[in-house]
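Peer 1: The structure is given below, and queries will be raised subsequently.
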Amino acid sequence: MGSEAGMEAAGARDPPERRRGAVTAVLLAALPLLLLLFLFGDRAASIAADSLAWAQVKQQSPRNASSSPSPEPGAARDGRLLGGLLSPDFDEPACRSRYEGSSRWKPSPFPVSPYLVRKLRQYEANHRRCGPGTPRYREAMAQLRSGRNGERGECRYVVWLPVQGLGNRMLSLVSTFLYALLTARVLLVHEPPEMEGLFCEPFPGTSWLLPATFPYKDVRFGSESKESYVSMLHNNVVRYDDVDGGNAGALPPYVYLHLENMNLRLQNHTFCEEDHRALDGFNWMLLRSDSYFAVALFLVPTYRDDLERMFPSKGSVFHHLGRYLLHPGNPAWGIAQRFFDGYLAGADQRLGVQVRIVWHHPVPFDVMFDQILRCTREHGLLPRLTGEPSLVRPSSNSTAKANKVKAVLVVSLKPEYYDKLHAMYYNNATDSGELVTVYQPSHDQDQHTEARAHNERALAEIFLLSYCDEMVTTSWSTFGYVAHALAGLRPRLLAPLDLSKMRSDVACVRPASIEPCLHSPPSLVCRRAQDLDPVAHVPFLRHCEDVDFGLKLVD
């Protein structure tokens, strides 16, 4: 609760735009932090002390005497719209993050393909024609309720059903949107109570929310359900030759596609060419996934040309689509904005440290903390300590790093990593003269995907991480994948441990691309005699650095 309280206090503070002298600025910075100390105790006090020290040091730095020049109007507009990804046709107050958030990211390392921009505008127009509340949607719903598929509809739909935690949901939602782009379907999102208002509407003039009257949103589908595509295939309800012969009107009214991790694999008959031709015959699809199956769409020859044109750089898929699609709603954005402006905005450099201990790979705290320190020190992400009290300042002839401020953002369900790292840099000076301030927005102890407030904090922290200059993330973590892919940043990925030694030979590695990893690759037996390793046959695929059987897109 201490760090959450600190976040609220940071939100109450509106730093002056112009600093009129060192004394005035320090007093203005100190007043809310003293209030923070009075109200919230020791943990808030340590945050307050870091921020006050930051204010003092920044006043001594001539580089910060004036603000950076404003960009040209044209450049500013292009930056706000992310190079054409975003449509300008929105009411800004309804979703403050859509345009405000882009100013906090570094410029994208990947140019936006004009073809992708064209596809997005075409999709938006189709969603307005076919989305909820339109005559075409009512016609499609009447067909769905009739109990049969009917002929190929003018408007066709894919309904996304959420499962697992926020990172998994964001990965699968972006993947489902990519599938909608490739198949000319309209994406409809089932928003359970724990996700209400979590994301803004991404498409202008319409809604992506599945109406409450939709009849199948609460059905407990599974891989063995009779409505699932694989079950239909096994029971001869759907056959490849029937669909090719134009007999789609005799199909059931909808198909359920199960793309959830099953023993670290996706089901057979989900990413074979003939299966996607068969699936294309359904006007309505319900899809549940916990995986970044966008990677597997590149394995379907039917989609390859479109994907090549949308993403000349294969490492940019989630980066562009995530920035286009996923905008925090105002409650989550308020958390991120207040914390960023209160603690991180003025630092010379921001380092994000994301720690997630996965249930199937438990790592003791001291082992993980040691690995984080090895990683940050070996790669110069954090300075070494002198052992002197933190009030000892470097001499005037010390390194050029003197008086610089590095803000460290710790994102973890547990408080121990923040506590120890903060104590180290709070009580000791650094050999470079840098001032290192350490912050943690929240520490909920356990994941509570069922709680909306928990999800809002988690989403805010994903975006705060994505505004960092460098990042250290945990193996297997979908949360970390989303953050660094949005940032367009290859993180330092903590290497999996050798469990026999409880140590990795290399503390951390740079991934080959910023793309998330597909932990559960599909089987590609299809009509062949044996399964294939896609990496051996597709030049832009690699196995993941943290999941040796996983798949990721690379350039």
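The values are calculated or read from the model by the stated rules, or taken from the named source; none is laboratory data. Please read all numbers here as calculations on a predicted model, not as lab measurements. Glycine also receives a Cβ, built like all others from the backbone with ideal geometry; neighbour counts cover every protein chain displayed. What goes into the accessible areas is simple: the full protein's heavy atoms, side chains included, and nothing from ligands, DNA or RNA. Shrake-Rupley method; radii C 1.70, N 1.55, O 1.52, S 1.80 Å.
Peer 1: Given H placed on each backbone N at 1.01 Å, which residues far from residue 300 in sequence or on other chains put an amide H within less than 5 Å of it?
Peer 2: none
Peer 1: Follow-up question, since we're still on this one. What's the carbon and sulfur percent of the stretch 88-312's accessible surface, probe 1.4 angstrom, rounded to a whole number?
Peer 2: 49
Peer 1: Under the rule a/c < 1.5 gives rounded, and otherwise a/b versus b/c splits prolate from oblate, where does the stretch 496-555 land using the Cα gyration tensor?
Peer 2: Cα axes put the stretch 496-555 in the oblate bin.
Peer 1: Taking amide H atoms as placed 1.01 Å from N in the peptide plane, list the residues 5 or more away in sequence, or in a different chain, whose amide H sits under 5 Å from that of residue 472.
Peer 2: Long-range HN contacts for residue 472: 352, 353, 354, 492.
Peer 1: If you don't mind, another one. Once you have the Cα-Cα distance between residue 218 and residue 304, take 0.36 nm times their residue separation minus that, and quote the gain in nm to one decimal.
Peer 2: Net length gain for the segment: 27.6 nm.
Peer 1: Output the antiparallel fraction of DSSP beta bridges having both residues in the stretch 88-312, as a percent to the nearest 5.
Peer 2: The antiparallel fraction comes to roughly 5 percent.
Peer 1: How big is the gap, in Å, between the Cα center of the stretch 441-479 and the Cα center of the stretch 173-218?
Peer 2: One Cα centre to the other: 22 Å.
Peer 1: Then there's this: So what is the accessible area of the stretch 160-230 per residue, in Å², with the probe set to 1.4 Å?
Peer 2: Solvent-accessible surface per residue comes out at 32 Å².
Peer 1: Quick one: which residues, 5 or more positions from residue 266 or on another chain, have an amide H under 5 Å from its amide H? H modelled 1.01 Å from N in the peptide plane, none for Pro or chain starts.
Peer 2: Here the answer is 523, since their amide H atoms fall under 5 Å of that of residue 266.
Peer 1: For residue 506 and residue 385, what does the FRET efficiency come to when R0 = 30 Å and r is the distance between their Cβ atoms, rounded to the nearest 0.05?
Peer 2: 0.80
Peer 1: How about the stretch 430-517: which GluC sites (Glu not before Pro) there lie in a loop by DSSP and see at most 15 other Cβ atoms within 10 Å?
Peer 2: 450
Peer 1: Once the piece of chain linking residue 537 and residue 448 is laid out straight, how much longer is it, given 0.36 nm per residue of separation minus the C-alpha distance between them?
Peer 2: 28.0 nm
Peer 1: Which aspartates and glutamates have a Cα less than 12 Å from the Cα of residue 420, not counting those fewer than 8 places away in the same chain?
Peer 2: Filter leaves 366, 370.
Peer 1: In what order, largest first, do 519, 484 sit by accessible area if the probe radius is 1.4 Å?
Peer 2: From most accessible down to least: 519, 484.
Peer 1: Could I have the simple spin-label model distance between residue 499 and residue 145, label points 7 Å from Cα toward Cβ, reported in nm to one decimal?
Peer 2: The answer from the label model is 5.3 nm.
Peer 1: Just how large is the dipole of the stretch 88-312 about the Cα centre, in debye to the nearest 20, putting +1 at every Lys and Arg Cβ and -1 at every Asp and Glu Cβ?
Peer 2: About 300 debye.
Peer 1: Taking 45 Å as R0, compute the FRET efficiency from the Cβ-Cβ separation of residue 154 and residue 359 and round it to 0.05.
Peer 2: Using R0 = 45 Å, I get an efficiency of 0.45.
Peer 1: For the stretch 88-312, build the charge dipole from Cβ charges (+1 Lys, Arg; -1 Asp, Glu) around the Cα centre, then report which of 103, 143, 310 sits farthest towards its positive end.
Peer 2: 103
Peer 1: Past 22 Å, Cα to Cα: identify those pairs from 106/404; 406/552; 106/314; 119/314, in the order given.
Peer 2: In this structure, 406/552 exceed 22 Å between Cα atoms.
Peer 1: Can you tell me how the stretch 429-555 classifies by the Cα gyration tensor, rounded, prolate or oblate, using a/c under 1.5 as the rounded cut?
Peer 2: Prolate, since a/c reaches 1.5 and a/b exceeds b/c.
Peer 1: Now a separate question. Work out, step by step, the length gained on full extension between residue 469 and residue 528: first 0.36 nm times the residue separation, then minus their alpha carbon distance; give nm to one decimal.
Peer 2: Length gained between residue 469 and residue 528: 16.6 nm.
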